[in-house]
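Each reported figure results from applying straightforward, stated rules to the coordinates on display, with no laboratory input. Owing to the predicted nature of the structure, the values given are computational and were not obtained by experimental measurement. All Cβ positions, glycine included, derive from the backbone under ideal geometry; neighbour counts span all protein chains shown.
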Amino acid sequence: MWVVVGLGNPGRRYVRSRHNAGFRVVDLLAARWGVDIGREAHHAFLGEARRDGERVLLVKPQTYYNASGEAVGSLARFYRFDATHVIALHDDADLALGRVRIKTGGGGAGGNHGVESLLATLGPDFVRVKIGLGRPPAGWDTADYVLAVPSPPEAPALAAAEERAVEGVELVLSLGPERAMNRINQKETAHGGSPL
């Protein structure tokens, strides 16, 4: 069983924010796979798919971004899945706008409180698909920046990265984390990610 967790904040005011990139990728996956993600349980909205004969749970925690581990912990106790089969989708302000990176095992949270919450719940062995936001402009607080809606020039690059994150998830499921990481990360390096 695989568990794909998008990090984001519930509520209409956050739908288009930079910080909800993980939620949007889960929505893209659900639409692509024909999955309804409306079931509410374990402090999350859930949907279930079968990919290559494998059960895949799509998860949008409703505990707010910084407490995402609470929902994932409840799911882990119920479904008893292994942390190595969790794919966390999250934004990253330290990654250039429009870039996508897959990371497996180890490492800290880099100041991302949602990732800190997952680390506290799961340990370090889950797969991360990072969606680059770029650093805030001068004078912007990082929290304000990630909770804001992207500017019109930024929006296409972020949307394109979210689509590539969908590809990243599907590669993890079909090829395994290491081969998916090599393929996505090399492609991003070769093409420079976003044109911005």
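Looking at region 12-111, none of the GluC sites (Glu not before Pro) sits in a DSSP loop with at most 15 other Cβ atoms within 10 Å of its own Cβ.
Please tell me the relative contact order of region 2-64 in percent, rounded to the nearest whole number, where contacts are Cα pairs under 8 Å and at least six residues apart.
Averaging sequence separation for qualifying contacts and normalising by length gives 41 percent for region 2-64.
A simple charge model with +1 on the Cβ of Lys and Arg, -1 on the Cβ of Asp and Glu and nothing else charged puts the dipole of region 52-92 at about 260 debye relative to its Cα centre. Here the alpha carbons of region 1-75 define both size measures, Rg and Dmax, at 11.7, 37 Å. When DSSP beta bridges are restricted to pairs lying wholly in the chain, around 55% turn out antiparallel.
Taken along the Cα-to-beta-carbon direction at a fixed 7 Å, the label points for residue 155 and residue 48 span 3.7 nm. Starting from the Cα of residue 179, step 7 Å toward the Cβ, then list every residue of region 31-67 with an amide N under 15 Å from that point. The answer is 52-53, whose backbone nitrogens lie closer than 15 Å to the label point. Using θ = phi - 60° in the Karplus curve 6.51 cos²θ - 1.76 cosθ + 1.60, the 3J(HN,Hα) couplings for region 124-132 round to x, 8, 7, 8, 10, 10, 9, 10, x Hz; x is entered for Gly and Pro.
The length gained by stretching the chain between residue 167 and residue 55 to full extension, at 0.36 nm per residue less their Cα-Cα distance, is 38.5 nm.
Mean separation of Cα pairs under 8 Å and 6 or more residues apart, divided by the residue count, gives region 76-196 a relative contact order of 35 percent. Scanning the chain for long hydrophobic helices, with DSSP H runs required to stretch 20 angstrom or more by C-alpha along their axis and to average at least -0.5 on the Kyte-Doolittle scale, returns 155-175. The modelled label-to-label distance for the pair residue 103/residue 1, using points 7 Å beyond Cα in the direction of Cβ, is 2.7 nm.
A Förster radius of 25 Å combined with the Cβ-Cβ distance from residue 141 to residue 94 puts the calculated FRET efficiency at roughly 0.95. For a modelled paramagnetic label at residue 12, 7 Å from Cα along Cα-to-Cβ, the residues of region 144-162 in reach, with backbone nitrogen under 20 Å, are 147-150.
Taking only the alpha-carbon atoms of the chain, what semi-axes of the equivalent ellipsoid follow from 5 times the gyration tensor eigenvalues under a square root, in whole Å, largest first?
Semi-axes (√(5λ), whole Å): 24, 19, 16.
Farthest towards the positive end of the charge dipole of the chain, among the residues 71, 147, 37, is the Cα of 37, using unit charges on the Cβ of Lys, Arg, Asp and Glu. When only Cα pairs below 8 angstrom with a gap of at least 6 residues are kept, region 1-114 shows a relative contact order of 34 percent.
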